[in-house]
Amino acid sequence: MVENFNHPKSLIIERGTPLKSLRKVALAACFALACAGVSAQTFQKWEVYDLIDAPVTMTINDSGNGFGQVCSDEMQDCFWVILTSKTACESGTETPILVNASSGSFAISSHCSGVVNLSGTNYHRYILSTHKQMTTIVQDSSGLIGFAIPLESGLFSVLRFDLSGSRAALKKFDKLFDSFIKRVQNSSTKDRSL
């Protein structure tokens, strides 16, 4: 399933990370919607998972769409993702998205990381390109965060997510990420600069 995704090598997410290395983490993000047997810590509308591959924090809206942050041991970094069953995207394409929350609004680009099927439902994955800006708006906002995604029909699909509990979830997520990075660095035999 994920192994079949072919990401253009020229597309880059913040800090110079090629999108092709996000395959494994994008899958982990999708499993946050259905983490059978994995316990989550709940912070109001947000959940934090301490998965083997990397930590995940996610919220699910009333339409069953997901929004959250996932980390990668390969990148030793994190990214934000939107998972939606109703707003289709074509794998490998870029889509502009308008973000709006109580602390501000801005336009970002996203990369479609293909589709994953969970319990008979196809979820399209939009990987958001500005990690730091997304983290800041989630931490500084309250109420709802909305994403307007343009459709071929000339309309917009608007996905809204509740930020209740997001600050506490991100604090826990950051602690898990710090532990995760130490674990990866202590067990990895990959070359690195010190």
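In the stretch 161-174, the qualifying residues are those that are of a type in the set (D, E, K, R) and more than 15 Å from the chain's Cα centre (by Cα), and the one that is surrounded by the fewest Cβ atoms within 10 Å (Cβ to Cβ) is Lys171. Checking each residue in the stretch 109-136 for being open to solvent by 10 Å² or more (accessible area, probe 1.4 Å) and not polar (S, T, N, Q) picks out Val115, Leu118, Gly120, Tyr123, His124, His131, Lys132.
The values are calculated or read from the model by the stated rules, or taken from the named source; none is laboratory data. Values in this document were obtained by computation on a predicted structure and should not be read as measured data. For neighbour counting, all protein chains shown are included, and Cβ atoms are generated from backbone atoms with ideal geometry for every residue, glycine included. Note: areas computed on protein heavy atoms with side chains; ligands, DNA, RNA excluded. Shrake-Rupley method; radii C 1.70, N 1.55, O 1.52, S 1.80 Å.
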